[in-house]
Each structure stands twice: as C-alpha cells, then as structure tokens.
Amino acid sequence: MTIKNLASTRPLADGNAIPGMGFGTYLLSDQETMDATIKTAWDAGYRLFDTAMLYRNEDILGTTLQNLQIPRQELFLTSKVAEVAQGYDETLQAVTGSLKRLQTDYLDLLLIHWPVREHFFDTWRALEQLKANGQVKSIGVSNYTVAHLELLATKAKEMPVINQVEYHPYLNQQALNDFDTANHIITEAWSPLGRRVDLADPMIAKIAGHHNKSVAQTILRWELQHDILPIPKSQHAERIRQNAEVFDFTLSEDEMTMIDLLNKNQRNGNEPEIVYETGKQY
Ligand code: A2P
C-alpha cells in the first residue's frame, strides 16, 4: 500500500493517476444534502467523487461542484454508463448527457456500470472512442467477473484500468482481486462497509478496539492494505471525517488474516449478470 492520505494518488495502467480512496454519492438525492455532504467530504480531503447515470444525481452533483467553486483539475470525477444507455451510439450520446449534467467537459473515469450481454463489446468500443476523443481520461468497468474480463480481452483494443465491485470483509473477492492485480487493473470497492452488515462483526470490533479505531475505519484500512480502492459513502459529517482518518494506524499481518478469514461470499447487491456468447455460458 502506497498512499499516505486522501490526496495521495495511485498510478493507473493507462498513465493517469487516481486518488487512493474516494467518496460515493449513491443515494444523495437532493441539492441541499448533496451540497452539505460534498462540502464536508471536500474539507475532509476527499478528491474522488463517484456517481453514475443510474443514481440520477449527476445534475445536483454538478451544481454542488459549481456552488463550492472547486477547481476542476483538483477533482477526480467518475461516472458510469447505465444498462439502458448501453450500445455504441447510445453510450456516446448518454455520456454527452452526463458531461452536461456534471457541468464539465471531461470525466476522469468512466465505467460500464454492469455487464450487459447484448452490448458487451459495443459499449466498450464506445468507451475507447470517448477516451480517444478526450471526453474521458480513463476507462473501466464495474461488476465484471474474471470471465467477463477474459471475454472482453478477446476484442478490446485496451483493457479497463479499474474494476469497481462489491467488496467488504464478508465478500472479499480474493480470486477476482488477484486477477485484477495480475492484469494491472485496480479493484475499487463499492459498499466497502457491506451496507453496514459487516459493521456488526465482533472480531473486527475486537481488532478495532486494539487500535482505538471504529469498525468502519478498520475495514477501510484492511481494504487499503489489500490495495483495494474504497469509496465509502455517508450522509453524516462525523462519519465522513472518521472514514478519512485511516492513515495513522496499520493492521498487522495476523489482523489482516483474521479479517480475510471472515469471508462468506455474502453479497448484498445484485449478482453480476451472466454473459452469454453464441450459446456459450460464461
Ligand atoms: P450513513 O449515510 O447513514 O452514515 P456501504 O453501502 O458503502 O458499505 O455503506 C453502508 C452505510 O454505512 C452507509 O450508507 C453509511 O450510512 C454508513 N456508514 C458510513 N460510514 C460509517 C461509519 N464510519 N460508521 C457507521 N456507519 C457508517
């Protein structure tokens, strides 16, 4: 693990850089809450803000960023192509909408939100085109399994630099993360606190107690030490700040292993869609 604080970046395989931890905006749905939440997160040091067409909040996030007068070059903005927007022409057009709503002329990172069988290669080709156009700096995927990534590699001109997946102690996706790492893909964690389910774990509470940290901080630290890029979200100022304070302690190898062993492949979100090609099931 190389990052020392929220401002530290990690290199992406395409030559760009990404902050080592970000802030998720899922469920932020009104302007007032978005303004207050992003202001707290910005002041706490978060620079990566993650949205998606599906969250239906790109417009209010765009307004917030204008209201806060945040210099564009200091921000790292991620959005994601919704399932309904997939396909080559559809994606090109939909991303123009995202840029407009976010009031910017480029995204730092664009992801395919979920793999969709019908548009599997066409949507990726659109992302490659958007990158060539300069409308997005880096391209990646979300909710892709090893099989999806192997399939994509058969036709992609360039491979994703990020794979954003559900990831927390009860779903640690070790094999997927190993595959991502071997292929120069950073694994980003959505729902890094397991939608709060994992926060009730007594073993993590014990480890957290040894470090005088909260369970949430301990989980985020475990993710960072696994070179995962977490994007926690919260609408509470004290939690937003608390989640940023994970750079002043280190989990021992034993503690890391104890948390690793809690995995139970427990998904809280959707199962990534199974992709079929010419009758072959992946
Ligand atoms: P809240 O906005 O009420 O703080 P995730 O799905 O990303 O794993 O997160 C689950 C929920 O955990 C978040 O929506 C957030 O809800 C809550 N949360 C975030 N940080 C903390 C924290 N430090 N302690 C307790 N709950 C947290």
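The values are calculated or read from the model by the stated rules, or taken from the named source; none is laboratory data. Note that the structure is predicted; figures quoted are calculated from it, not measured. Cβ placement follows ideal geometry from the backbone for every residue including glycine, while neighbour counts extend to all protein chains displayed.
Couple of notes before you dig in:
- Note on region 222-237: among residues that are in a helix (DSSP H, G or I) and in contact with a helix residue (DSSP H, G or I) (Cβ under 9 Å, 6 or more places away or on another chain), the one that is farthest from the ligand (Cβ to nearest atom) is Gln225.
- Taking the listed residues Glu245, Glu255, the one that is farther than 26 Å from Ser79 by Cα and either among the hydroxyl-bearing types (Ser, Thr, Tyr) or modelled with pLDDT of 95 or more (or both) is Glu255, with no other qualifying.
- Residue selection: Pro272 fails the criterion of being away from the ligand (no atom under 15 Å from the Cβ) and without any contact (Cβ under 8 Å) to a residue 12 or more places away in the chain.
- Inter-residue pairs, beta-carbon under 9 Å, first outside any strand (DSSP E or B) and in region 185-206, second more than 8 Å from the ligand (Cβ to nearest atom) and among the polar types (S, T, N, Q), 6+ apart: Ile185/Asn163; Gly194/Gln266; Val197/Gln266; Asp198/Gln266; Ile204/Thr218; Ala205/Thr218
- Scanning region 131-145 for residues that are surrounded by fewer than 16 Cβ atoms within 10 Å (Cβ to Cβ) and part of a helix (DSSP H, G or I) yields Ala132, Asn133.
- Residue within region 173-193 that is among the hydroxyl-bearing types (Ser, Thr, Tyr) and closer than 19 Å to Trp114 by Cβ present: yes
- Close Cβ contacts (under 6 Å, 6 or more residues apart or on different chains) running from residues in region 229-245 that are hydrophobic (A, V, I, L, M, F, W, C) to residues that are within 7 Å of the ligand (Cβ to nearest atom) comprise Ile231/Gly24; Ile240/Ser234.
- Test result for Asp180, away from the ligand (no atom under 12 Å from the Cβ) and either without any contact (Cβ under 8 Å) to a residue 40 or more places away in the chain or surrounded by fewer than 16 Cβ atoms within 10 Å (Cβ to Cβ) (or both): yes
- Of all residues in region 115-130 being touching a residue at least 60 places away in the same chain (Cβ under 8 Å) and within 18 Å of Met159 (Cβ to Cβ), the one that is surrounded by the fewest Cβ atoms within 10 Å (Cβ to Cβ): Phe120
- Number of residues in region 1-31 that are farther than 17 Å from Gly45 by Cα and within 16 Å of the ligand (Cβ to nearest atom) equals 5.
- Matching residues in region 209-251 - criterion: being in contact with a Pro (Cβ under 7 Å, 6 or more places away or on another chain) and surrounded by fewer than 18 Cβ atoms within 10 Å (Cβ to Cβ): none
- Test: residue in region 253-269 that is farther than 30 Å from Ile112 by Cβ, near the ligand (Cβ under 8 Å from one of its atoms) and either in a strand (DSSP E or B) or touching a residue at least 24 places away in the same chain (Cβ under 8 Å) (or both): no
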